[in-house]
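Engineer: Can you read through this structure? Questions will come right after.
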């Protein structure tokens, strides 16, 4: 008979590792083996990722009243859900407050149009300036605030997109893997952006 193993709480570092490995599409049993924890513990914390969307939405609403922002950088990238005929778009934004701190935002949509951009704008803070590229009519939504050209600012959002692709394998440009469903991808995105905002 195996000796009883006393339960011990997982450290915050281990919890973050579970979430990051999950985003890399590493299997639950493999995560348990690598981190030397039980499969049940891995499953428990993976299930909690479902709460990441609620956490993200709550923090976004709280920032609007508590933080004053200077400018915003925004961009979008595409991915596929289930198959290559089902394109979806991940809108990313970095809002910089008056103290220079970066805050990260995202929006997942099934189309790349003004309606999707308007939906994203609803969660974004008020700013004096919006930096973006010329791939879509950002100026039709943000008006005179929009500066539509490549710059040092847009390089920052490109760097975020690269980090996003390296963290969530579904978003890699030449990947043959696709998210199982829209909701599944949204949970992984919320997990990524919560980790970014926690730094």
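The values are calculated or read from the model by the stated rules, or taken from the named source; none is laboratory data. Bear in mind that the values here come from a model prediction, so they are computed numbers and not experimental data. Backbone-built Cβ (ideal geometry, glycine too); neighbour counts: all protein chains shown.
Engineer: Would you mention how many residues in the stretch 82-91 are farther than 17 Å from residue 113 by Cβ and touching a residue at least 60 places away in the same chain (Cβ under 8 Å)?
Structural biologist: Here the count works out to 3.
Engineer: Next question. Can you name every residue in the stretch 44-71 that is in contact with a helix residue (DSSP H, G or I) (Cβ under 7 Å, 6 or more places away or on another chain) and loosely packed, with under 14 Cβ neighbours inside 10 Å?
Structural biologist: Going through the stretch 44-71, the residues in contact with a helix residue (DSSP H, G or I) (Cβ under 7 Å, 6 or more places away or on another chain) turn out to be 45-46, 49-50, 52-53, 55-56, 59-60.
If the condition is that a residue be in contact with a helix residue (DSSP H, G or I) (Cβ under 7 Å, 6 or more places away or on another chain) and loosely packed, with under 14 Cβ neighbours inside 10 Å, then 50 is the only one that fits.
Engineer: Quick test for you: out of 60, 96, 42, pick the one residue that is part of a helix (DSSP H, G or I), in the same structural domain as residue 151 (by TED's automatic domain parsing) and touching a residue at least 24 places away in the same chain (Cβ under 8 Å).
Structural biologist: When all the criteria are applied, what remains is 60.
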